[in-house]
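The values are calculated or read from the model by the stated rules, or taken from the named source; none is laboratory data. The model shown is predicted, which means the values in this text are computed figures rather than measured ones. Heads up, the Cβs are rebuilt from the backbone with ideal geometry, glycines too, and the neighbour counts pull from every protein chain shown.
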Amino acid sequence: MSGLSFYEGIRIGTGADYIELDNVNFTTASGPGYGSPYRDEATAVNQGGFGRYVHDSSFAINGGTGAFPTMWFSGQGSSLKGSFSRIFLSGGGVKIDRADLVSGGILGIYRFHDFETEGLPVCFLEVNGSGGTLEQIELEGIEMSDNVFATNSLICNLTSTFVNSFTVINSRAWGGGVLGGDNIRGVNVIGGVTDGGANDTNTGIGSGAGLVYTILAHNGNFITNGAQSAFGASIPVAGIGNLFQRTDVNVVPLGVRDLASAPNVDLFQVQDSAANPLVGIGRGPTFDRQIWYNGGAIRSRVDAGGDFVIRTDGLTAGLATGAFLTIGAFANVPGLIIGPASGSQDSMQIFHTGSSTNKIFAVDSGDNTLIKRMKASQGTALATGDFALSAGWGNTAAVSAVTGTDQGWQITVTSSGTGQAASPTVTLTFKDGTWTNAPICVSKMVGGTGTITQLTEAPVATTNTLTFQGTPVAASTYILASVCMGR
């Protein structure tokens, strides 16, 4: 069938089902009121017919200006479903016109396969999302090699409202992006986005606002875009340019690769339900490779050298890559660094808070422990009741001025009353329990009014007994001090 019409060529109305057109050739004249060579419409909500099969045909508009498409699907939310293949279009594209669609209308499924086009004044597929739902629209093998405008897109949105669910396979735009206009959502592109797949990036899809799409391109790139799910509510993401959303039950590993133009930002990020970053992975080779966040601030990281760093606010630039584990203090001062010793490097270092050069503890490459000084202040303070005096100090002798802990202490013994005898003893019961093994202790008399006298001692795991090597004098004082080291 072929013909030239000054009005519409073929017009299919409401209720017509299962129509097949084969080897049809219709051309309409260009100009106001002449219409489209092929028009399919409905006059009531969801009252369109089913089964449109048009193939091996051509539709053209002489000198088309874009006022009419060559194939026009319009009406009150028709649920028309059809397949169109091996068709040549000239002077106009395909239009799904939703201008008079009421809420609740649905249009789809439609499949457009193997189309050759020529002289299209606008894009190949014009869609209007002013009401209802567009769904399951498939474009495969659409060729736009010879068209009027160099900026034509493959799919255009005629309004600023949402249009949904398109699959584009091995098709391309002519000069323009695949998508023209705003809020075209749920688009899956397979096989590249421009001529020959030369521009398989986000820029080839189009520059409209609110585009939501995925691209599986010629060169193997998998690109996702959009901070909204295709059909659901907005996903709460912050600072994310590319988004891949998965179901909770999908346990297959992901592979993500981003552009090298921003190597100092997270290439892949895990967020909680409120869009707070939890883990960032994959920065450039000279930056941190993995980051754990806490309330939006970086809490810990694996740096470019493979070192694990806890609290980056506690790391000086000079030590940034010099250790395996760093636990920071604050104000750019490291608190603890543990790493493999190499040459003269220490395998463990502890720095004083407030200084990156004042090292107070280290274990060197020879397993020697290096410290500035030791302060036994964490044990339980001793009291007079922890010491027992033998009778040789006098029957009213007493202990006073007790300071220190099991590790190191000092007391004053006052000899008084009667019964002073040679070699009296002082026994300490360790306040913080057993040492398990008997400690090694050094004790001596360090002052008092009595004569300085040598002491001997016999420490065991739970006590230390000091023996005064002389006879105390009544009313005299004896200041004794002791230091013990566990083993």
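Listed values, structure above:
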read-out: Sole exception among (1) modelled with pLDDT of 75 or more; (2) closer than 16 Å to residue 135 by Cα for residue 86, by number; value: (2)
read-out: Verdict on residue 92 being in a loop (DSSP other than H, G, I, E, B), at pLDDT below 90 and crowded, with 23+ Cβ neighbours inside 10 Å; value: yes
read-out: Residue count, the stretch 412-436 (criterion: surrounded by fewer than 18 Cβ atoms within 10 Å (Cβ to Cβ) and closer than 17 Å to residue 379 by Cβ); value: 6
read-out: Which numbered condition residue 423 fails, given (1) closer than 25 Å to residue 487 by Cα; (2) in contact (Cβ under 8 Å) with a residue 40 or more places away in the chain; (3) among the polar types (S, T, N, Q); value: (1)
read-out: Only one of 32, 37, 69 that is within 25 Å of residue 158 (Cβ to Cβ) and at pLDDT below 75; value: 32
read-out: Boolean, residue 98 is basic (Lys, Arg), modelled with pLDDT under 85, over 47 Å from the mean Cα position of the chain (by Cα) and farther than 20 Å from residue 143 by Cα; value: no
read-out: Test: residue in the stretch 199-216 that is acidic (Asp, Glu) and either closer than 30 Å to residue 276 by Cα or modelled with pLDDT of 80 or more (or both); value: no
read-out: Only listed residue being assigned by TED's automatic domain parsing to the domain that holds residue 404 and within 60 Å of the chain's Cα centre (by Cα), chosen from 473, 446, 460; value: 460
read-out: Hey, residue 450 in contact with a Pro (Cβ under 8 Å, 6 or more places away or on another chain) and either aromatic (Phe, Trp, Tyr) or at pLDDT below 95 (or both) or not; value: no
read-out: Every residue from the stretch 363-407 that is aliphatic (A, V, I, L, M), over 24 Å from residue 439 (Cβ atoms) and not assigned by TED's automatic domain parsing to the domain that holds residue 459; value: none
read-out: Qualifying positions in the stretch 10-29 - touching a Leu at 6+ places or on another chain (Cβ under 9 Å) and at pLDDT 80 or above; value: 10, 12, 26, 27, 28
